[in-house]
Amino acid sequence: MTTQATRLFRRMDGLFAVYKPQGVHWKLIRDTIESNLLKELNSCPPPAPQLAVKFQLLSSGENNGSKDLILSPSMLPTLADHPLVTGPQFHKVHVGVGHRLDAFSSGVLVLGVGKGNGVLEHLCRSHVTRDYTIEGEFGKATDDFSHTSRVIEKTTYDHVTQDKLERVLAMIQGANQKALITYSQVDLHTQEAYELAVRGLLYPHGKSPPILTGLRCIHFNPPHFTLEVQCVNETQKYLRKLIHEVGLELRTSAVCSGVRRTRDGPFRVENALTRQHWTADSIIQAIAQFRKTTRKIRKSVMYRQTADQSSSSAKIQEQIRSQTGQSEQTSQEHVELTSPSDMIVDRVTPGTLDEGRTKH
């Protein structure tokens, strides 16, 4: 017989997104959500205790001094399944974390519960695009590219204009587009590569360095500016270093004052749960909202695995055929060499025969 807590736990099966504030480690968010879910599961009312037939010994009511005993059946609850005896029903709720954010960054953090942890691993291995909003400040440089660290240099920035900044961003984006084509491992002379490039579906295969697929300036008010970035295989440290490199290209220095993730694949900041919504009901609603997205991730991963297996099997068959063809060719050559000498004469050009005759 399923209890209310068990039915509630079965509904917690999928992916959802929360909003991670700046200055908070992702482990603290995971532990907080796990403890909240565990408390709500164990706070569900326990099932009604099962009744068992027990016989009680009663003395005969006619004579108090009589030694005759009477067995009286009665229904009494069994305490073997009581929470005070067995303890809480759930001791651990595992919540998985997707693409992580460091303590300096904020934004969308994808989590998984139940079977969603397996889908979360597929989401981490897939090359989904993530969007960031990066805030920068001209005029100084620090040892780890963030505005809260030790300042090691101060520079002027009066010569920096928005046009110069946009030219530098276009140059960086062009270099990353070439890297994306290189690591995508597609033949650029095919129609398939053209269609993938038009639809923006090119993604790197295997391991690759961080690649920026989009980069533009959305706010410019010196010394402060804001960039919007779309990237793959990035880290927050790489994004902070990007601000530093932009400052160097503009012959000044710059530090990163904020990194905010606004999208992680299909999960956007509008759908992320804030701290006051880290409850079982809100999480179950978010999981139900992304149920179709979770199924699409599973299907896409299965399709890619099938395609990779078919391509690898096709390559293996092609190698076997080529090896078989080479062996057949060598066997034919062996037969030709062991055949009569007139077959060898056919391999010699007429000019060489005439030259040999003239020499004799």
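The values are calculated or read from the model by the stated rules, or taken from the named source; none is laboratory data. Treat the numbers as computed from the prediction; the structure is a model and nothing was measured. Using ideal geometry, Cβ is built from the backbone for each residue, glycine included, and neighbour counts are taken over all protein chains shown. All accessible areas refer to the heavy atoms of the entire protein, side chains included, with ligands and DNA or RNA removed. Shrake-Rupley method; radii C 1.70, N 1.55, O 1.52, S 1.80 Å.
Scan (1) in contact with a Leu (Cβ under 8 Å, 6 or more places away or on another chain); (2) open to solvent by 60 Å² or more (accessible area, probe 1.4 Å) for the single condition Arg7 breaks and write down its number.
(1)
Being farther than 18 Å from Met12 by Cα and in contact with a Lys or Arg (Cβ under 8 Å, 6 or more places away or on another chain) is the filter here; which residues of segment 76-97 pass it?
Of everything in segment 76-97, just one residue is farther than 18 Å from Met12 by Cα and in contact with a Lys or Arg (Cβ under 8 Å, 6 or more places away or on another chain), namely Leu76.
Looking at (1) without any contact (Cβ under 8 Å) to a residue 60 or more places away in the chain; (2) in contact with a Cys (Cβ under 7 Å, 6 or more places away or on another chain), can you tell me which one Gly96 breaks?
(2)
When segment 73-100 is examined, which residues are found to be in a strand (DSSP E or B) and surrounded by 10 or more Cβ atoms within 10 Å (Cβ to Cβ)? Walk me through it before giving the result.
Pass one, segment 73-100, residues in a strand (DSSP E or B): 73-77, 95-97.
Hits for segment 73-100 are Ser74, Leu76, Pro77, Val95, Gly96, Val97.
Return yes when Val128 is closer than 17 Å to Leu15 by Cα, out of contact with any Cys (no Cβ under 7 Å at 6 or more places or on another chain) and either modelled with pLDDT of 95 or more or not in a loop (DSSP other than H, G, I, E, B) (or both) and no when it is not. Give the derivation first.
On the way: closer than 17 Å to Leu15 by Cα: yes; out of contact with any Cys (no Cβ under 7 Å at 6 or more places or on another chain): yes; either modelled with pLDDT of 95 or more or not in a loop (DSSP other than H, G, I, E, B) (or both): no.
No: the conditions fail for Val128.
Select from segment 1-42 the residues that are of a type in the set (A, V, I, L, M) and in a helix (DSSP H, G or I) and write down the one among them that is nearest to the chain's Cα centre (by Cα).
So the residue we want is Ile29.
Name the residues in segment 141-158 that are farther than 14 Å from Val246 by Cβ and not small (Gly, Ala, Ser), would you?
Thr142, Asp143, Asp144, His147, Thr148, Arg150, Val151, Ile152, Glu153, Lys154, Thr156, Asp158
If I ask for residues that are more than 27 Å from Leu111 (Cα to Cα) and either open to solvent by 30 Å² or more (accessible area, probe 1.4 Å) or under 27 Å from the mean Cα position of the chain (by Cα) (or both), which ones from segment 243-277 would you list? Full working, then the answer.
Here is the first cut: in segment 243-277, the ones more than 27 Å from Leu111 (Cα to Cα) are 243-255.
Matches in segment 243-277: Ile243, His244, Glu245, Leu248, Glu249, Arg251.
Go through the residues of segment 133-155 one by one and say whether even a single one is in a helix (DSSP H, G or I) and at negative phi.
Within segment 133-155 (the criterion being in a helix (DSSP H, G or I) and at negative phi), the answer is no, since none of the residues qualifies.
In the list Thr182, Thr133, Thr161, which residue meets the criterion of being among the polar types (S, T, N, Q) and under 30 Å from His25 (Cα atoms)?
Going through Thr182, Thr133, Thr161 in turn, the sole match is Thr133.
Collect the residues in segment 15-58 that are polar (S, T, N, Q) and free of Cβ contacts under 8 Å to residues at least 12 places away in the same chain, keeping them in residue-number order.
If the condition is that a residue be polar (S, T, N, Q) and free of Cβ contacts under 8 Å to residues at least 12 places away in the same chain, then Ser35, Ser43 are the ones that fit.
Yes/no per residue for (1) in contact with a Pro (Cβ under 9 Å, 6 or more places away or on another chain); (2) open to solvent by 70 Å² or more (accessible area, probe 1.4 Å); (3) aliphatic (A, V, I, L, M); (4) more than 30 Å from Pro266 (Cα to Cα):
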position	(1), (2), (3), (4)
Glu135	no, yes, no, no
Gly139	yes, no, no, yes
Arg150	no, yes, no, yes
Asp163	no, yes, no, yes
Glu166	no, yes, no, no
Gln173	no, no, no, no
Tyr183	yes, yes, no, no
Val186	no, no, yes, no
